[in-house]
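Below is one structure; the comments refer to it alone.
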Amino acid sequence: MTVVARGDVIRRIVGRTDMDEFADRLLDTFWERPEFQRLRPPREAVRSWVRWNLELVTRWLIESRPPSESELELFREHARARAAEGTPADVVPANFRSGARFAWRALLEAATQDERPALLESADLLFEYVDRVSRIYSEAYQEVAAQASASAEEAAARGALQRISATEVPRPEDHRLAERIGFQLDRAARPFVLAAPRGSGEYHAELAAALRRRCALAVSERRRVIGLANGRLEWESLELDRNAVIVHGPGAIGVERGRALDELCDAVDIAIARGDAGRIEVEDYLGELLLRRSPRVAARIEQRVYGPLGAELARTLDVLVEHNFERAPSAAALPVHRNTLRDRIGRISEITGVDLDSAAGRALAWLAWVTRSNDGA
């Protein structure tokens, strides 16, 4: 019997069948199962789900069009949701098997003597459909279980890192985690921070998990990953976003680990605000770090330099600092005549008491500009 003949037979059977009533009868085959009723599902929602599955199966049988990738993705979403709710793994696949057996018997009963030979091939497709759905549910449950395990490991790693950074005595669970991931608690470790400005929290959680598989005690903080590593990490082996920022410090022990991590986090934040990417060195951001660690002093410096200035002179000072106090490019960038710039510089020095021709004055102006820029960011 050809595919066309099979399709014609199924089409005729479907045409003389009330599919809504059929969906209710199919639903009844598993509705009263105790393991299903414990979930207390709304019947109308399950009925709609059954009806949609019937449409997919009949389309495959009649038109030889199997479920599309987007339709299979709906099954994956449904499976992940059931797994997250705690639905036992075999409940939904068992319902599909029960429904398939009922549907096959119903097809045979609805077919005439002449139509039944054409249904033999339909059995293969019907149960292949069930097999595909069952595989999807099995894979989705494994995925959710792996994520739950990763979340548990992430929580354990976070607790261990906090205790290590605070020089607390490691707990037994910290030793178990360290042994499992290959991190040596009794050795000096290099602190590191990694951040991808465009990466999601999930992206950073996956990076942290990948680093733990490389023997690093790593945890995610939504927009970045922090941690400790006994040896050198092979960053090239990770699939990093091209805008990612990476920094690490020297080997440290005790409370210095926690202080170093805080400093590295600040350096990464500053680098991202600057638009820097790739591997950075803390030494390139010492001025900004100094201001960040002394916010009251930074605010006083900004107020001392910029506080008395109006918008025009503040903009002039911004451009002057941005051009390393070189007057010709600063005048061109404003744009004003060089004599006008000279007059404005004199007014700034007079109003603020900061000599912009001296090294000390320029240093103070630069610190004020950095603080002002960070406030704007």
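The values are calculated or read from the model by the stated rules, or taken from the named source; none is laboratory data. The model shown is predicted, which means the values in this text are computed figures rather than measured ones. For neighbour counting, all protein chains shown are included, and Cβ atoms are generated from backbone atoms with ideal geometry for every residue, glycine included. The area values use the complete protein model at the heavy-atom level, side chains included, leaving out ligands, DNA and RNA. Shrake-Rupley method; radii C 1.70, N 1.55, O 1.52, S 1.80 Å.
The Rg/Rh ratio for region 20-135, using Cα coordinates for both the radius of gyration and the Kirkwood hydrodynamic radius, is 0.97. With an a/c value of 1.5 or above and a/b larger than b/c for the gyration tensor axes a ≥ b ≥ c computed over the alpha-carbon atoms, region 203-341 is described as prolate. Of the residues S68, N53, G99, the one whose Cα sits farthest toward the positive end of the charge dipole of region 1-113, with +1 on the Cβ of Lys and Arg and -1 on the Cβ of Asp and Glu, is G99. Protein heavy-atom accessible surface, 1.4 Å probe, per residue over region 145-255: 52 Å².
Seen through its C-alpha gyration tensor, with square-root eigenvalues sorted a ≥ b ≥ c, region 97-138 comes out oblate because a/c lies at 1.5 or above while a/b is not bigger than b/c.
Calculate what fraction, in whole %, of the accessible area of the chain sits on carbon and sulfur atoms when a 1.4 Å probe is rolled over the protein chains. Here it works out to 51 percent. In a reduced charge model with +1 at each Lys and Arg Cβ and -1 at each Asp and Glu Cβ, the chain shows a dipole moment near 640 debye about its Cα centre. If one takes the longest principal axis of the Cα atoms in the chain, at what angle in degrees, from 0 to 90 and to the nearest 10, does the Cα axis of helix 3-15 lie? Between helix and principal axis, roughly 80 degrees. Taking only alpha carbon atoms, the chain gives an Rg to Rh ratio of 1.24, where Rh is the Kirkwood radius.
Only beta bridges with both residues in the chain are counted; by DSSP, about 90 percent of them are antiparallel. The shape of region 305-351 comes out prolate: with a ≥ b ≥ c from the C-alpha gyration tensor, a/c is at least 1.5 and a/b beats b/c. For A189, the residues whose amide H sits under 5 Å from its own are A252, ignoring neighbours fewer than 5 places away on the same chain, with H placed 1.01 Å from N.
Simple rule: put +1 on each Lys or Arg Cβ and -1 on each Asp or Glu Cβ in the chain, find the dipole, and look at A359, V225, S122; the Cα lying farthest toward the positive end is A359.
The distance from the alpha carbon centre of region 90-148 to that of region 1-76 is 9 Å, rounded to a whole number. The GNM of the chain, with springs linking C-alpha atoms under 10 angstrom apart, assigns the highest mean-square fluctuation among D24, D343, D131 to D343.
Helical runs assigned H by DSSP (4 residues or longer) give the chain a calculated mean residue ellipticity at 222 nm of -21500 deg cm²/dmol, each run adding -39500 (n - 2.57) before division by the residue total. At the listed q of 0.16, 0.24, 0.33 Å⁻¹, the Debye profile of region 43-82, built from one uniform point per Cα, gives log10 I(q)/I(0) equal to -0.44, -0.87, -1.07. Normalised per residue, the accessible area of region 34-97 is 54 Å², obtained with a 1.4 Å probe and no contribution from ligands, DNA or RNA.
The figure for Y306 is an accessible area of roughly 20 square angstrom, using a 1.4 Å probe on the protein chains alone. Of T352, T340, the order by accessible heavy-atom surface (1.4 Å probe, DNA, RNA and ligands excluded), from most exposed downward, is T340, T352.
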